[in-house]
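J.: Submitted below is the structure of interest, expressed as structure tokens.
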Amino acid sequence: MYDLIIIGGGPAGLTAGIYSARARLRVILIERFAPGGQVLTTDWVENYPGFPDGISGFELIDRMRKQAEKFGLLIENKEVTGIDIKSSEKVVFSGKEELKTKAIIIATGATPRKIGIPGEEEFTGKGVSYCATCDGPFYRGEEVVVIGGGDTAAEESLFLTRFANRVYLVHRRNELRAIKLLQERLFSDDKIELVLDTIPISIKGKDSVEAVELKNVKTGKTFIKNVKGVFVFIGTKPNTEIFSEKLKLDEQGFIVTNNNMETSVPGVFAAGDVRSKPLRQISTAVGEGAAAAFSAEKYIESLK
Ligand code: NAP
């Protein structure tokens, strides 16, 4: 029986791992892919304290993972398919495998949201992308469309100018949601053209993306942009499908916790982007990972 199972290996999960392994709990972290989460799709992180010149998402995660493993955290690659949290002895399922534990920290993060327009599904991986770091280099010398108006859309548009000749940033309102610093950078970049008050209608092509049909929401006029790539950054949805019947979620499906990262079920904690909260940052995920580990440790103590 484990003391603690951490589900998810992004900044929140790895930080919880560092704290709980260092506190000498019997702990395991389960991650379905490689540790890292969404940070791995971030080219350059410049607002995580301690790195005045910024750091690549990959290197930041690599350092966190090494630090956790240094304290003896066991990281296993497998998919969690369910949990049983009805009694104080909890079970984490991975297919037929059952792992018993006293406490669980859920740090499963969130995944990019889809627009849900014709052509999006069909051309995913053939011109439609949710990761500029992964796919940006394929668009050297091309024109691309970015959908969204938040920090991700702004940052990734700026990143894409390294490769693409022109980036059309398509946003549904006439004002961006992204922070002012990023907006200033967008406005002063002559490779970026803002297409405001506009929504995508469909993505067209034969074997891969050839064009996007757009609609100006003020005039109702539709028009075509001939581009090879469409990058979608319209926010995220929480990875909570397997917890939905078991824990209190908000109306968007994020896990509701108190300030101690306690969910609606004793012994189950949540941290990072999967939590219902206003700010999703690496620094907030890290803080919540530490808080969740601290609360889990107190909970495990209380069982004795
Ligand atoms: P977000 O802040 O939720 O922004 C999503 C954007 O997509 C909004 O501009 C929204 O428009 C638009 N949108 C939503 N649904 C749409 C639809 N169906 N069709 C067209 N447009 C749609 O998401 P995000 O940019 O991914 O950021 C998520 C969180 O991560 C935020 O808290 C953000 O601050 C944080 N983040 C931080 C950094 C950083 O600090 N360096 C970098 C990336 C992300 P409206 O504006 O009209 O709602």
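The values are calculated or read from the model by the stated rules, or taken from the named source; none is laboratory data. Please read all numbers here as calculations on a predicted model, not as lab measurements. Backbone-built Cβ (ideal geometry, glycine too); neighbour counts: all protein chains shown. Quick note on the areas: whole protein, heavy atoms, side chains included, nothing else; ligands and nucleic acids left out. Shrake-Rupley method; radii C 1.70, N 1.55, O 1.52, S 1.80 Å.
J.: With every protein chain kept in place and ligands, DNA and RNA left out, what is the accessible area per residue of the chain? Probe 1.4 Å, answer in Å².
T.: Here the residues of the chain average 49 Å² of exposed surface.
J.: May I ask for the angle, rounded to the nearest 10°, between helix 151-160 and the longest principal axis of the chain, with both axes built from Cα atoms and the value confined to 0 to 90°?
T.: With rounding to tens, the tilt is 60 degrees.
J.: Of the listed pairs 86/114; 70/277; 100/248, which have alpha-carbon separations greater than 29 Å here?
T.: 86/114; 70/277
J.: Mind jotting down the distance between the C-alpha centroids of segment 69-128 and segment 1-36, whole Å?
T.: Here the two parts' Cα centres lie 13 Å apart.
J.: Relative contact order of the chain: what whole-number percent is it, with Cα pairs under 8 angstrom and at least 6 residues apart?
T.: Relative contact order of the chain: 21 percent.
J.: Under the definition of Cα pairs under 8 Å and six or more residues apart, what whole-number percent is the relative contact order of segment 1-160?
T.: 26
J.: Work out, step by step, the length gained on full extension between residue 86 and residue 180: first 0.36 nm times the residue separation, then minus their alpha carbon distance; give nm to one decimal.
T.: Difference between extended and current length: 29.2 nm.
J.: Just the accessible area for residue 71, please: 1.4 Å probe, Å², rounded to the nearest 10?
T.: We get 50 Å² for residue 71.
J.: Work out from phi, with θ = phi - 60° and the Karplus expression 6.51 cos²θ - 1.76 cosθ + 1.60, the ³J(HN,Hα) of each residue of segment 250-259, listed in order in whole Hz, and give x for Gly and Pro.
T.: Per residue, the Karplus-derived 3J(HN,Hα) values read 7, 5, 8, x, 7, 7, 7, 9, 8, 5 Hz.
J.: Here is a further query. Build a GNM of the chain with springs between Cα atoms under 10 Å: which of 49, 112, 11 gets the top mean-square fluctuation?
T.: Among 49, 112, 11, the largest mean-square fluctuation in the Gaussian network model of the chain belongs to 49.
J.: How much of residue 78 can a 1.4 Å solvent probe reach, expressed as accessible area in Å² and rounded to 10?
T.: Solvent-accessible area, nearest 10 Å²: 40 Å².
J.: Mind listing the phi-derived Karplus ³J(HN,Hα) values for segment 45-53, rounded to whole Hz, using 6.51, -1.76 and 1.60 with θ = phi - 60°, and x for any glycine or proline?
T.: For segment 45-53, the Karplus-derived couplings read 9, 10, 10, 9, x, x, 10, x, 9 Hz, x marking Gly and Pro.
J.: Take every DSSP beta bridge whose two residues both sit in segment 11-159, then give the antiparallel share in percent to the nearest 5.
T.: Given both bridge residues lie in segment 11-159, the antiparallel proportion sits at roughly 65 percent.
J.: Taking the dipole about the Cα centre of the chain, with the C-beta of Lys and Arg at +1 and of Asp and Glu at -1, give me whichever of 278, 171, 11 is farthest to the positive side.
T.: It is 278, whose Cα lies furthest towards the positive end.
J.: Hey, another quick one. Using a cut-off of 14 Å between beta-carbons, work out the net charge of the residues near residue 69 (Lys and Arg +1, Asp and Glu -1, residue 69 not included).
T.: Result for the neighbourhood of residue 69: +2.
J.: Out of 74, 252, 267, whose Cα points farthest toward the positive end of the dipole of the chain (charges: +1 Lys, Arg; -1 Asp, Glu; placed on Cβ)?
T.: Highest projection toward the positive end goes to 267.
J.: How much mean residue ellipticity at 222 nm does the chain get from its helices, if each DSSP H run of length 4 or more adds -39500 (n - 2.57) and you divide by all residues, to the nearest 500 deg cm²/dmol?
T.: So the helix-based figure for the chain works out to -7000 deg cm²/dmol.
J.: How much length is gained if the chain between residue 283 and residue 24 is pulled fully straight, taking 0.36 nm per residue apart and subtracting their Cα-Cα distance, in nm to one decimal?
T.: Gain in length upon complete extension: 90.8 nm.
J.: At a Cα cut-off below 18 Å, give the lysines reachable from residue 228, other chains included and same-chain residues fewer than 8 away excluded.
T.: 126, 191, 204, 206
J.: Could you work out what % of the accessible surface of the chain is carbon and sulfur, using a 1.4 angstrom probe and leaving DNA, RNA and ligands out of the count?
T.: 50
J.: If we restrict to alpha carbons, what Rg and Dmax does the chain come to, in Å?
T.: When restricted to the Cα atoms of the chain, Rg and Dmax are 21.0, 67 Å.
J.: Return the long-range amide H neighbours of residue 249 (sequence gap of 5 or more, or a different chain), with a cut-off of under 5 Å between placed amide H atoms.
T.: 256
J.: How large is the charge dipole for segment 1-100, taken about the Cα centre, if only the Cβ atoms of Lys, Arg (+1) and Asp, Glu (-1) carry charge, to the nearest 20 debye?
T.: The calculated dipole for segment 1-100 is roughly 440 debye.
J.: Follow-up. With springs only between Cα atoms under 10 Å, which of 183, 38, 252 fluctuates most in a Gaussian network model of the chain?
T.: Maximum fluctuation in the GNM of the chain, among the listed residues, is at 252.
J.: With +1 on the Cβ of every Lys and Arg and -1 on the Cβ of every Asp and Glu, and nothing else charged, how large is the dipole of the chain about its Cα centre, in debye rounded to the nearest 20?
T.: It comes to approximately 360 debye.
J.: I've got another one for you. Among 16, 291, 270, whose mean-square fluctuation peaks in a Gaussian network model of the chain (Cα, cutoff 10 Å)?
T.: Comparing 16, 291, 270 in the GNM, the peak value goes to 291.
J.: Any idea what the relative contact order of segment 98-249 is, in percent, if you count C-alpha pairs under 8 Å spaced at least 6 apart?
T.: 31
J.: Name the residues whose placed amide hydrogens come within less than 5 Å of the amide hydrogen of residue 164, ignoring near sequence neighbours (fewer than 5 apart) on the same chain.
T.: It is 141, by chain and number.
J.: Need one number: % antiparallel among DSSP beta bridges in segment 198-295, to the nearest 5.
T.: For segment 198-295, the DSSP antiparallel bridge percentage is about 95.
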